[in-house]
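No lab work stands behind these numbers, since they all come straight from the coordinates. Owing to the predicted nature of the structure, the values given are computational and were not obtained by experimental measurement. Cβ coordinates were reconstructed from backbone atoms using ideal geometry, including for glycine residues, and neighbour counts include every protein chain displayed.
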Amino acid sequence: MSYMLIELYTATPAWTALDPVSRGALFARIGAGMQHVDPARIKPLAMGPLDPDVPRSSAEQFYAVWQCSDRTDADALLAAIDGTGWHTYFTTTHIAGASGGLQQHLAELAALPKA
């Protein structure tokens, strides 16, 4: 079973104030920081802008979905991202958990205690 990490993020005023050269320097730091991530254990599945017209959508601007081998790899990815200075320029919400199928999830929901 794999471990999924989903990021929701929005640019901060610090990001929007950066000129193109400074943005490029951050992208270079991100690229260098991601060199320490094992691509056999951590895979980017999708990333891009959020569609604001989807019902009950989040207010964040962007998302990224990562498939990790386990929680330890997700923690390593989060540390690598943090080490690039990312959070100075993007407010980020992390959502994570073990992946499973629909039937497993329905059973998890059914097992919730009655209020």
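Annotations for the structure displayed:
- Extending 7 Å from the Cα toward the beta-carbon at both H36 and S22 defines two label points whose distance is 2.5 nm.
- Amide H contacts of F90: T12, each under 5 Å away and 5 or more positions distant or on a separate chain (H built 1.01 Å from N in the peptide plane; Pro and chain starts excluded).
- The ranking of D19, D73, D38 by Cβ neighbour count inside 10 Å, starting from the fewest, reads D19, D38, D73.
- Each of V21, V65, V37 has some number of other Cβ atoms within 10 Å of its Cβ, and from fewest to most they run V21, V65, V37.
- Listed residues F27, F90, F62, most fluctuating in the chain (Gaussian network, C-alpha, under 10 Å): F27
- The overall shape of the chain, judged from the alpha-carbon gyration tensor, is oblate: a/c is not under 1.5, and a/b is no greater than b/c.
- The local environment of A59, defined by Cβ-Cβ distances under 15 Å, has a net charge of -3 under the rule Lys, Arg +1 and Asp, Glu -1.
- Estimated FRET transfer efficiency (A107, M1; beta-carbon r; R0 25 Å; 0.05): 0.95
- Under a 5 Å amide H cut-off, with hydrogens placed 1.01 Å from N, D70 pairs with Y3 among residues at least 5 apart or on other chains.
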